[in-house]
6 protein chains.
Amino acid sequence: MKDNELTSRWPVPELADLPADLRERILEVQAKAGFVPNVFLALAHRPAEWRAFMAYHDALLVKDTGSLTKGEREMIITTTSAANHCLYCVVAHGAILRIHEKKPLVADQVAINHRKADITPRQRAMLDFAMKVCQHSHEVDDADFSALRPHGFSDDDIWDIAAITAFFGLSNRLANVSGMRPNDEFYLMGRVPRSKG
Amino acid sequence: MKDNELTSRWPVPELADLPADLRERILEVQAKAGFVPNVFLALAHRPAEWRAFMAYHDALLVKDTGSLTKGEREMIITTTSAANHCLYCVVAHGAILRIHEKKPLVADQVAINHRKADITPRQRAMLDFAMKVCQHSHEVDDADFSALRPHGFSDDDIWDIAAITAFFGLSNRLANVSGMRPNDEFYLMGRVPRSKG
Amino acid sequence: MKDNELTSRWPVPELADLPADLRERILEVQAKAGFVPNVFLALAHRPAEWRAFMAYHDALLVKDTGSLTKGEREMIITTTSAANHCLYCVVAHGAILRIHEKKPLVADQVAINHRKADITPRQRAMLDFAMKVCQHSHEVDDADFSALRPHGFSDDDIWDIAAITAFFGLSNRLANVSGMRPNDEFYLMGRVPRSKG
Amino acid sequence: MKDNELTSRWPVPELADLPADLRERILEVQAKAGFVPNVFLALAHRPAEWRAFMAYHDALLVKDTGSLTKGEREMIITTTSAANHCLYCVVAHGAILRIHEKKPLVADQVAINHRKADITPRQRAMLDFAMKVCQHSHEVDDADFSALRPHGFSDDDIWDIAAITAFFGLSNRLANVSGMRPNDEFYLMGRVPRSKG
Amino acid sequence: MKDNELTSRWPVPELADLPADLRERILEVQAKAGFVPNVFLALAHRPAEWRAFMAYHDALLVKDTGSLTKGEREMIITTTSAANHCLYCVVAHGAILRIHEKKPLVADQVAINHRKADITPRQRAMLDFAMKVCQHSHEVDDADFSALRPHGFSDDDIWDIAAITAFFGLSNRLANVSGMRPNDEFYLMGRVPRSKG
Amino acid sequence: MKDNELTSRWPVPELADLPADLRERILEVQAKAGFVPNVFLALAHRPAEWRAFMAYHDALLVKDTGSLTKGEREMIITTTSAANHCLYCVVAHGAILRIHEKKPLVADQVAINHRKADITPRQRAMLDFAMKVCQHSHEVDDADFSALRPHGFSDDDIWDIAAITAFFGLSNRLANVSGMRPNDEFYLMGRVPRSKG
């Protein structure tokens, strides 16, 4: 297997063959990141699903309401994606986590065992809840909500934790089944101080 | 707990307070079904997520391509939602499954043990794959795809099975965490011959 | 597979060929229910086991002592049988549960997730204990008994919960291995108000 | 805790207070074994259940039909009871297993890992099936039956394996919940050559 | 399979062919125990690993510091080795446990379910901790340490519990993979009063 | 928590207070690596165990026999340590893996899901076996050995795979319980081409 190919089990369309709105968004991302994250291409054989996926993604991650920082959102994604053994999401969102938190070690820590990570007690509580939503959502009960309150999480914040976990559970399964590979660029981003990553 | 209330842990907006596009869709569904399925209301406190959720839902379930019948799509939802212990989705989609398949028993069967259900070998293979995507997606490999081929599933069909499973895994987690209740109407739909259900 | 056949992996005797006491009981049940529940036939190839099974069944379910209502006994059976993925017992005892409790929705609720069911706190505690006996009986300890006391369960009631769970764990395994099908009649019983079901 | 007391969480009746048929059977067992196995006393506070339990026990273990030897029946009990972490049944039936098979080591072997025990390939297949019935009965399918055929197991033998496993799953749960202790006498029986054990 | 052979999947060297230090230790053990425990031979095809293994073993078990008795150390080994389904370690260390504790029943008890064993509350807490280290070490946290303190365990004692569990987890895996058999002699040792066992 | 402290729950001795042989080895490692890996200090409060640990480590990893490359040995460690959620070993040995294999991405890949890693079929088979030894060693059987043969693994190689897995299972548990932190230096080693890592 060559290191840098996309390798999905499904067809990966050429940029030129995509609907205009997909192509536009992809070019925009490429301009900003310097490369096209593979998820944008691997889902593109299904434009309607692609649009819904990106709309959901943006609704959860690109917004200014609530007390979760961008770094904390990525922390939830990295932690629960590791529990789902999703290579794409751990590597890609681990990179974004490092950048937002300006902590080069934290992504590897939460991916292996969030209980040992250099995070705040608030973040630990947030991740404990996210892991329960990820793995045993049917057992979530009042006690889980009560454990979050002392850390200042509002009802809206708790919805954010649950919804981000749930949405990336969807993403994890698509990536796992399709064999979607993380771009090589992600692995190093945010690890080296002062790099543009 | 009163039997017919919605009971979500999050606020349920009044119809009048919703953005016009949400209200319109909800009224349309109500006109067709005779009631408003609770999921339309329970997600409505987050209009952007609501829109993305419905767009994803429609992209997977309201389309004419692929060989999966509407009943088979609902079969996947009912089976994997039971594995995730999601009361809302099993009851609501079990109802739709009964109606589409015109088989009043099949929803209860796949929810308890799809191996004992009155389904075709093709449907059995489809559900085996869906359950693996639901529970162990990181272990999906070539052998799982090979097991589907003899039943006539195309690459596109297999994506459908995986994507429906993944999307309702998201839905299951939101319903479980919010405590979203299925409408009472669903429980009986499709069970009694010739009823409007 | 035809919908209404018994389908056991073992021979199903003709009524005429059965020992008199089995035949008598079966005819009695048929007179009362309007049909012969398949478990009576599927076990009949082993008359001695049949007699012991029915005697155990009656000792636990046909008695007037203790504070568990008939509906609560069926609730234990339905909940733990779903955990064991036993189609026969969930469908048959779910029907009896609906009838005794006069609640057409409760069987589907406890089968999917008893934590979300419309039941009393006492019933929730009862089912929590039953599920522990079903799945982790070796870890049952003083704390489990203490959690039941505030709800008014006596020692005798607790034995009933445990024994019903244990007995239907036996029944679940026989039904699963034999492929015993629930009679079609059970699926609808107790769902429609005023029906004799 | 004194080593030799019965310690059940439920009352243990005096022999004199028991119904005549229970007392008679208990005295008979005592005469034969030299002591009263605690299960006879721990269940006696419920005479109707006691009678059903013993009738079921006898129907499965005291009979001359089928190809399973007495030792093989005890092997099934010891193996599956260990999987259920039931101290009473492993110790008591492990003793009877050693005696019937005249193999002083085999009970300890199957209790820890039946794959490493000094047993025949036929017995290995039998225990593999029993373990599946014990732990995943809802997944039993044609392949499990096919694996048993080459070893000469008839349909009736397979029922015996499943039924013994299922019945002792019931027994294991009652013993675990009640805290029923194995009599000290069992631990050494069948270990020392030429002993009466 | 003959009952008394070693049966490892790897070569078992002749005593004469071993390095002098291995041979010496083995002869010393044989002189003391009356036989050569198979682990000494099964690991001997790798002298460097053998030496490290024995050095680790002695560092943990042959020492006079700390409050854990020799019996308690063997109790940890027997309990966690049963959780790992390691026949060799349960049988061999169960024997040593019986001898040190002078309790002929305790090894069988902790191997099946340490919650039902005739042990002190201190020993119960010790085994609860050992089991967590054995099965979920990444979840060990402050609460686990706090639960040990009231029983008088020092930091050094807690290290001993963890290290013994961890070391025998290594030993269990080597024994399981190699198919190393316990010597027949172990099974009876410490069971019969006044025997040298 | 400060990022760079060792944080073990047990005392970390000063270098000056250590026995000469420990101090010597530690200084030697420091000279070579540029820092002292924390495991050398975290275990040092127990010199006898430290010596056995290092001897075992060297016997498995510092040798020229067998067909496993140094990179493959580190691959086994990284993969199984991730399954055990051991932050120290994944980070430290992941670094060494990157260096030996000269593949900056492979450590993150095998830690999340070795099935998706850019490795050879031989390495995939090696890791499948290692994971079984790590998680279900009591189920290892002939079929597992047969699956390794076509890839050219000798009996000695298979022992190496199993022994490395087993030894780092010990290491994982000690690191998890003690809260041993990986040195910050490890995280970046081998990721940047031509760096000193």
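Data table
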| quantity | calculated |
| --- | --- |
| Calculated label separations, C:Arg149, copies of the chain, 7 Å along the beta-carbon direction, nm | 2.7, 2.7, 5.8, 6.2, 6.4 |
| FRET efficiency estimate (nearest 0.05) - Cβ-Cβ, D:Asp155 to D:Val36, R0 45 angstrom | 0.75 |
| Inter-centroid distance (Cα atoms) of the range D:69-100 relative to the range A:153-177, Å | 47 Å |
| Size of charge dipole - the range D:15-129 - debye, nearest 20, with Cβ of Lys, Arg +1 and Asp, Glu -1, no other charges | 320 debye |
| Cβ-based net charge around B:Arg25, under 13 Å, with every Lys or Arg adding one and every Asp or Glu removing one | -1 |
| Two-decimal Rg to Rh for the protein assembly as shown - Kirkwood Rh, Cα set | 0.96 |
| Sparse-neighbour loop sites [trypsin sites (Lys or Arg not before Pro); the range C:117-184; at most 15 other C-beta within 10 Å; DSSP] | none |
| Hull-based mean projected area of the range E:94-197, where the convex hull spans the alpha carbons, in square nanometres | 7.6 nm² |
| Relative contact order (%) - criterion: Cα under 8 Å, at least six apart; region: the range A:54-125 | 26 percent |
| Most positive-pole-ward Cα, D:Ala42, D:Met75, D:His57, against dipole of the range D:12-107 from beta carbon charges | D:Met75 |
| Inter-copy separations for D:Glu24, label at 7 Å along Cα-Cβ, nm, ascending | 2.0, 7.3, 8.4, 8.4, 9.2 |
| Over chain C, volume per residue of the alpha carbon convex hull, in Å³ | 127 Å³ |
| Unpartnered cysteines - no second Cys beta carbon under 4.7 Å - across chain F | F:Cys134 |
| Relative contact order [Cα under 8 Å, 6+ residues apart], the range D:1-107, whole percent | 18 percent |
| Contact order relative to length of chain C, as percent, for alpha carbon pairs under 8 angstrom and 6 or more apart | 30 percent |
| Cα-based Lys pair tally, chain F, threshold under 23 Å, eight or more apart or on separate chains | 17 |
| Local electrostatic count at F:Asp155 - Lys and Arg +1, Asp and Glu -1, tallied over other residues with Cβ under 11 Å | -1 |
| Assigned charges on the beta-carbon of Lys, Arg, Asp, Glu; chain D dipole about Cα centre (debye) | 620 debye |
| Ranked D:Met189, A:Met54, criterion: other C-beta atoms within 10 Å, fewest first | A:Met54, D:Met189 |
| 10 Å Cβ neighbours from other chains, averaged over peptide D:161-172 | 5 |
| Cα centre as origin, Lys/Arg/Asp/Glu Cβ charges: the range B:86-145 dipole, Debye | 380 debye |
| Cα-derived Rg to Rh of the range E:53-108, Kirkwood definition | 0.97 |
| Those chymotrypsin sites (Phe, Trp or Tyr not before Pro) in the range B:11-57 that DSSP places in a loop and that have at most 16 other beta carbons within 10 Å | B:Phe35 |
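The numbers here are math on the coordinates, done by the rules we state, and not lab data. None of these values were measured; they are calculated from a predicted model. Positions of Cβ are generated from backbone atoms using ideal geometry, with glycine treated the same way; all protein chains shown enter the neighbour counts.
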